Amino acid sequence: MGGEELRFTGNWFIDAGILGFVNLMEEVYGWDLEELQKRIKEEPEKVYYGYFPLAYFYNLSAKSDENRNTLLEAMKEVEGFKGDKHKLLELVWWRYITRLFKDKWVRSKLEKMRKRDIINNQGKIRDPYSDSKYVKLLEKREHLIKAALLMETKDPNSSENIKCEVLVKRIIGKRGELIEKKGAGDIEHKLSLEDFEKLIKNSHEKSKLWEELPKECKNKINKAIEVHYELEQYLRERWRHIASNSVLGDNTKESKKLSKFFRLPIDSSFYHNYLFFNQSKGIKEQFNAFKNILDGKVRKISKDLSKFLPSDNEFPNILYTTFDISQLQEQIPNLLAYLICVDVGMIDVNYHNAGKILFYSPDLEFCYETNRKLREWTKSLRESNNSRFIFKVTWWAIIDMMTEKKSSYSLENMYLIQLYRDEKGRIINNQAFAKVEYIGIPKLHASILLDDQIREALNTSLSVNGSNIWLLGRFLRQKPLYPLILKHVRNGIKDSGPIRWRASLYALAIDAKLRSIGRDSGLFGNFFFERPARAVAGVKEYYHDMNQNAWNVRKAIGDKNIIYPLFSAVRRHHRNAFVNILLKTLLQANNKESASRVNSYIFRRILTNDESWEDFALALVVGLAGGGADVGSSEESEE
Amino acid sequence: MRFLLRLQPENEPFRIPFNNQHYLQGLIYRRIQRVDPSLSLRLHSPKIPKLFTYSLFMAEERKLAEDRSGLLGRKHGFFYFSTAVPEIAEAFITGLLEDPEVELWGERFTVEEVKALAEPERLSGRKFVTLSPVAVTTKRIQFGRLKSYDLSPTEPKFYELIRENLREKYIHIYGIKPPEDFEMRVLSAKPKRFEVKPGIFQTAWHLVFRAYGDEGLLRAGYIAGFGEKNSIGFGMVKVDGRRGT
């Protein structure tokens, strides 16, 4: 049976999941989009019930050599598997996924150092720890540690009586009390697994501090270590049996307890409590929940899956807090598999409070490639601690892709999705709202950006009021460029700062072009559809005219004193004043040829141009005030 | 578009003949020809509305010459120029920029300032004052021959022809069917007889009038001139800027 090719749906949240799915498979198996599409087409069940679960849980496990080997072994098994999809899932789950979590599971059990850690408020053993031998060994270890710490002996340095606790503290380098009185003579130790492992290390190495311990104390601790090893051995043995699944038995109360005892120690800061991540689920429930996801048996989703749905707290009426996806599932059979991958599609940005980000556009290939670039660049951002903004980096990835693919069609509907970090630097996982910023740009802007010359010219920062503003960013945000150039020129005139000639003129040319286009309202006519293609030519034509005449005005007018009144006239939108100042000066110009050209420009671009005369007028001020030393020879200017 | 051209005289006082239009016409055509010969050629072809006009030559201070042949001016000389065709203005102003030294009726001037003027937003109902007199002619049979006849504001045909003339200009400027809506009420009128070419005279009228009607039609008159023979210096008006007008 052939599978359906992966396609974006147009719904950014689902598509983010699809992208996450693609990223996951690439990260784990090294398949690029093309390879993944091919495999889905050829063997969809193997992908969704074999490779995907393996990849999903491998991604959540510790990245050890052992786990990598397990993955490679599992891949071979999946590759050669012939049979039912559910059998494949069972095989992968019980034989390989469980193996991926063996160490983590054992450690999570060993970490409980006191009985108090595994009992509930009623004093009963909690289900995840409900194994009599485990509890017995844990108690034994706890008792021996406590006994050792409470022992008294002579201080080797002062010959006074001293508790073993003090000497142990010296060994593990801890300051606080290791013994805690719990009232009514009840005493507990406060040693963590890490502390205990330090003791084990010192005993193995027979360190000086260890050797200073009194013999009785050493003996007790050694016994505790022996019990610890026995406990670890026991747990590993128990876990080994889980691979057969038979250890769990039927749906009895006892088997449910066992299922919880063997719960896969997985958690997600993104999905937090969702189905198999929920702490109360046993390994069997985890398996079934995952199977239901693959089978599409989950019909409703809520905030635990999508951060963008309302929470119970926000909506007292619970009916509004879940979202029925059954209809969507008819269109997208593997919808849930994608939805649990949204976080994998996101890029972790360890910069300021950026948290996780995701670039989204409705074209899968474009989105995939752009995010790949973005991922690489954000990594270098982290390494270099560069202060560029996420927005800028995102845009660079987009522009890079855009110029590579020469496609402007997918740029109109883009989003930058962002999950914030909390003050401790963790990705927010407490149902807090995540930001979705629309960053689409119209086709018109995109087509202008596709031009290398224009793009390069705009990729500069202009100094404005003491700060630097990224011109391209401003354009991408679809803000008018004229006000920025006006401020930049003012900055140059007032503070004698450098005026970026080329960037300013291109910005003014774009502004003028967009203004002139803005007045054409003929939707759906040829003019409308040809607009983007013509826009670039128009911008360039304007730029060349501005550039030529900015230079001509410099040649014609040596008197820089008119810059201020000219600038003032532009700023006050006083067209006639601007023209009159200029004409009066041009009448006295020595270079008549240049003066004539400027005059022609005044008539063509200023006097007869109600929409954008300010852009063309300001270009002349740039010419008078700016650099542009070699404009005459190459038609380009120095900045 | 409308411009004020201020000229610095070489000598003071400088002479200003009453019939100064054809000198200014010569200046305009020469400067246009210098910059854009093909445009100049087009402007010379008859039967085409030229869509530009200009005022009489004026001086900041003036008095009647002793021999009453003209005026004597002091300080700056100036005149207005207006057109509905930017290329004409561009060529004329460029011509002046290239060579600001001008000679009119034997007097030498330097163009010192070319000033673009703001145009009024609304024209209907405003009071207009002529900067050069309005000429309206028709053909009438006199002594058995069809002869050119200069109409006066006392004749209804004067207004009828002004309106038809405006409508024709309207078509040339806007390229669409002209409206009918135009009315003109003369408040005062003063005839002037000009020798436009040696031996050829034209009686035209200095008017103060109010005009009402379609803004486009009125604007055609404002920028290209009211009446006929605008391109030889007739029919330029200004809006009276005095309060209450």
- Note on the structure: In this structure, among A:443/A:540; A:260/A:300; A:223/A:281; A:63/A:190, pairs with alpha-carbon gaps over 23 Å are A:260/A:300; A:223/A:281; A:63/A:190
- Within the under-13-Å Cβ sphere about residue B:223, not counting residue B:223, Lys/Arg +1 and Asp/Glu -1 give a net charge of +3
- B:23, A:58, ranked by accessible area, largest first (probe 1.4 Å): B:23, A:58
- Item | Reference-scaled alpha-carbon Rg (2.2 N^0.38 Å with N residues) for region A:447-631 | 1.00
- Task: Putting +1 on Lys and Arg Cβ atoms and -1 on Asp and Glu Cβ atoms, find which of A:151, A:225, A:162 reaches farthest to the positive end of the dipole of region A:129-228.
- Result: A:225
- Item | Backbone HN-Hα couplings from phi across region A:602-614 [Karplus 6.51/-1.76/1.60, Hz, Gly and Pro as x] | 4, 6, 6, 10, 10, 5, 9, 10, 6, 6, 9, 4, 4
- Top to bottom by accessible area (1.4 Å), largest first, where do B:6, A:116, A:571 land? A:571, A:116, B:6
- Angle between the Cα long axis of helix B:156-174 and the longest principal axis of chain B, 0 to 90 degrees, nearest 10? 70 degrees
- Per Stokes-Einstein, at 37 °C and 0.692 mPa s, what whole-number D in µm² s⁻¹ belongs to region A:127-244, with the Kirkwood radius over Cα pairs as the hydrodynamic radius? 213 µm²/s
- Between residue B:41 and residue A:160, what is the spin-label point distance in nm, taking each point 7 Å from the Cα along the Cα→C-beta axis? 12.0 nm
- Task: Report the calculated FRET efficiency for residue B:141 and residue B:30 (r = Cβ-Cβ distance, R0 = 35 Å), to the nearest 0.05.
- Result: 0.35
- Taking the Cα atoms of region A:44-169 alone, what are Rg (to one decimal) and Dmax (as a whole number) in Å? 22.9, 75
- Message: Skipping prolines and chain starts, which residues have an amide H placed within reach, meaning under 5 Å, of the one on residue B:135, given they are 5 or more residues away or on another chain?
- Response: B:205, B:228, B:235
- Expected vector for region A:19-28, Karplus 3J(HN,Hα) from phi with 6.51, -1.76, 1.60 and θ = phi - 60°, integer Hz, x for Gly and Pro, equals 5, x, 4, 4, 4, 4, 5, 6, 4, 7
- Calculated FRET efficiency for the pair residue A:65/residue A:90, C-beta based, R₀ 25 Å, to 0.05: 0.45
- Within the set B:139/B:197; A:46/A:133; A:109/A:218, which residue pairs have Cα atoms separated by over 29 Å? A:46/A:133
- Task: Could you pull out every one of the aspartates and glutamates with an alpha carbon less than 12 Å from that of residue A:487, ignoring same-chain neighbours closer than 8 positions?
- Result: A:495
- Note on the structure: Counting sequence-distant residues (5 or more places) and residues on other chains, those with an amide H built under 5 Å from that of residue B:71 are B:16, B:18, B:65
- Expressed in nanometres to one decimal, the distance between label points 7 Å along Cα→Cβ at residue A:496 and residue A:132 is 9.4 nm
- Task: Work out, step by step, the length gained on full extension between residue A:226 and residue A:241: first 0.36 nm times the residue separation, then minus their alpha carbon distance; give nm to one decimal.
- Result: 3.1 nm
- Quick one: net charge around residue A:481, please, counting Lys, Arg +1 and Asp, Glu -1 for every other residue with C-beta under 13 Å from its C-beta. +4
- Task: Whole Å is fine, so just give me how far the alpha carbon centre of region B:182-207 lies from that of region A:7-66.
- Result: 90 Å
- Task: Over all alpha-carbon pairs in region B:63-169, figure out the percentage whose distance exceeds 22 Å.
- Result: 58 percent
- Query: Using the alpha-carbon atoms, what tilt in degrees (0 to 90, nearest 10) does helix B:215-224 show relative to the longest principal axis of chain B?
  - Reply: 30 degrees
- To the nearest 10 Å², what's residue B:154's accessible area with a 1.4 Å probe? 120 Å²
- Per-selection metrics, region B:1-144 (Cα): Rg and Dmax in Å: 16.7, 52
- Per-residue ³J(HN,Hα) for region B:98-103, Karplus 6.51 cos²θ - 1.76 cosθ + 1.60, θ = phi - 60°, Hz, x for Gly and Pro: 5, 9, x, 7, 10, 10
- How far, in nm, would the chain grow between residue A:324 and residue A:534 when pulled straight, counting 0.36 nm per residue and subtracting the alpha carbon separation? 71.0 nm
- Message: Around residue A:578, under 13 Å between beta carbons, what's the net of Lys plus Arg minus Asp minus Glu among the other residues?
- Response: +4
- Given a Förster radius of 30 Å and the C-beta distance between residue A:35 and residue A:269 as r, what FRET efficiency does 1/(1 + (r/R0)^6) yield to the nearest 0.05? 0.55
- How much length is gained if the chain between residue A:150 and residue A:593 is pulled fully straight, taking 0.36 nm per residue apart and subtracting their Cα-Cα distance, in nm to one decimal? 149.2 nm
- Task: Report residue B:38's accessible area, 1.4 Å probe, all protein chains in place, as a number in Å² to the nearest 10.
- Result: 60 Å²
- What size of dipole, in debye to the nearest 20, comes out for chain B about its Cα centre when the only charges are +1 on Lys and Arg C-beta atoms and -1 on Asp and Glu C-beta atoms? 820 debye
- Message: Heavy atoms of the protein only, probe of 1.4 Å, neighbouring chains included. What is the accessible area of residue A:536 in Å², nearest 10?
- Response: 30 Å²
- Cα-projected label distance for residue B:197 with residue A:573, points at 7 Å along beta-carbon direction, nm: 4.9 nm
- Message: What whole-number volume per residue, in cubic angstrom, does the convex hull of the C-alpha atoms of chain B give?
- Response: 141 Å³
- Item | Other-chain or far-sequence residues with amide H under 5 Å of residue A:119's (modelled H) | A:126
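The values are calculated or read from the model by the stated rules, or taken from the named source; none is laboratory data. Computed from a predicted structure; not experimentally measured. Note: ideal-geometry Cβ built from the backbone for every residue, glycine included; neighbour counts use all protein chains shown. Just so you know, the surface numbers come from the protein's heavy atoms only, side chains and all, with ligands and any DNA or RNA stripped out. Shrake-Rupley method; radii C 1.70, N 1.55, O 1.52, S 1.80 Å.
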